[in-house]
Amino acid sequence: MDYPGFLQRLHEGISEPSGSGRHKQIITFDKPHQYRECLSYLRKLKPELAGLRQVQSARLIRALIAPFPAGDRLGKYHNGVTVEEDTRMKIHAETAHIPKAERNLPMPWGVKQVRAYKAWPSSTGNRIRIGVIDTGADFQHPDLRHSLGRGINLLNRTMLPYDDNGHGTHIAGTIAASNYDGGMVGVAPRALIHPVKAFDYNGAAYVSDIILGIDWCVLNRVDIINMSFGMKSRSKALLDMVNKAYHNGIVIVASSGNEGKRRSIDYPARYSQTISVGATDKYRRIAPFSNRGQFVDVYAPGEKIISSWIHGRYHEMSGTSMATSHVTGSIALLLSLRPELGPAEIKALLKRTATPLRLRKSNGRSSISTKLGEVDAFRLMQEGTK
């Protein structure tokens, strides 16, 4: 392969006026030696070809990520590489507002419902590291002072992953808030969250930023990755990166989506390497907005969840995003005591220890499901430590 020619074409495409539209493209190399050689030339040519300074690398899946004119697929240079058009995805949360009973704390109803407090005498998630790929986190929030570790801002690597949306802070609070004096407490209050800011203030991100976020989580040896977002289309590059994390022993928890679908869920939750999560209400019924069906592994509280918010505040949100954070915190409680457990073992334990759901019938009555369950943090820890 003509690597200098390939990189020259990449530089020219990046440097072209963007009147026709510009999208990032994910360029994956089929063979390790091709990727290594191309990286070597990339380092040499960057000083003289300014466009190449915008190229990012995802080493775990042998990929380069570059902004490129829409519709240009790098022509003859396809031999030995796979080029995938980058796509956008959104966070999985519905309306957000400041509730009237804003201080219905310190323990929100979801944390009570999963029985996390019963596990705390044995485990609070101590030293479990969680990568939350989201909108960032509010580092000044009093409930998160002891819960946030080093992270990364993929939108501006010179800045800390500060949250300018609120969604990431909300997720962080449910997982690991630890303000026992006047604030709120999350499912695993001694776990450590590493905020990975991939989403902008509108709650939108590119697949390529998710890939780079997972790459960072693997290289920084987190134990769990929380992914409260999704999209309708599948991405081979994202699947490859999820696979890398899975085979590195990282538990990946992903939300199913909020369209109320009965037979389909969003990606990446639909990948079998993840633990896919649907949302329930206070009565252990599937929330009307939650995607459901055979691809959902477990359900968790996701309707009218109060948690931390930017500027030191609290908001109420609904969505499978909120459900996912309850499952992530529950897994952290178990992993703190059994760090050797792998992703497949944890998924099986979650299903086995879940509390049966109530299903709505057409006549208005409800029945108990024998197949669908809501996460039970206490029972998960009990069974997982036998």
Considering only Val277, Ser15, Leu60, whose Cα is most displaced toward the positive end of the charge dipole of the chain, charges sitting on Cβ of Lys, Arg (+1) and Asp, Glu (-1)? Val277
Please name whichever of Trp120, Leu154, His194 sits farthest to the positive end of the charge dipole of the chain, dipole taken about the Cα centre and charges placed at Cβ: Lys and Arg +1, Asp and Glu -1. Trp120
With springs only between Cα atoms under 10 Å, which of Gly80, Gly13, Gly51 fluctuates most in a Gaussian network model of the chain? Gly80
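For the chain, calculate the relative contact order in percent as a whole number, restricting contacts to Cα pairs under 8 Å that are 6 or more residues apart.
18 percent.
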Can you tell me the 0 to 90 degree angle between the C-alpha axis of helix 32-45 and the longest principal axis of the chain, rounded to 10? 60
The chain, helix-only ellipticity at 222 nm - DSSP H runs n ≥ 4, -39,500 (n - 2.57), divided by all residues, nearest 500: -8500 deg cm²/dmol
Charge tally for neighbours of Lys236 with beta carbon under 14 Å away, counting Lys, Arg as +1 and Asp, Glu as -1, is -1
Nearest 5 percent is fine: what portion of the DSSP beta bridges confined to the chain is antiparallel? 55
Over the chain, with a Gaussian network built from C-alpha contacts below 10 Å, which listed residue (Asp223, Asp143, Asp86) shows the highest mean-square fluctuation? Asp86
Provide Phe378, Phe139 in ascending order of the number of other Cβ atoms located within 10 Å of each residue's Cβ, fewest first. Phe139, Phe378
For segment 306-318, what does the Karplus curve 6.51 cos²θ - 1.76 cosθ + 1.60, with θ = phi - 60°, yield as ³J(HN,Hα) per residue in whole Hz, taken in order and with x for Gly and Pro? 8, 7, 5, 9, 5, 6, x, 9, 10, 9, 9, 9, 10
Taking the Cβ of Ala172 as the centre, find all other residues whose Cβ is under 10 Å away and add up their charges (Lys, Arg: +1; Asp, Glu: -1). -4
Can you check what the net charge comes to around Ala137, using other residues whose Cβ is under 10 Å from the Cβ of Ala137 (Lys, Arg +1; Asp, Glu -1)? -2
Just to confirm the number: angle between the C-alpha axis of helix 320-337 and the first principal axis of the chain, 0 to 90 degrees, nearest 10? 80
Suppose every Lys and Arg Cβ carries +1 and every Asp and Glu Cβ carries -1, with no other charges. What dipole size does the chain come out with about its Cα centre, to the nearest 20 debye? 1160
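Throughout, read-outs are computed from the coordinates displayed, never taken from laboratory work. Computed from a predicted structure; not experimentally measured. Note that each Cβ is placed from the backbone with ideal geometry, even for glycine, and that neighbours are counted across all protein chains shown.
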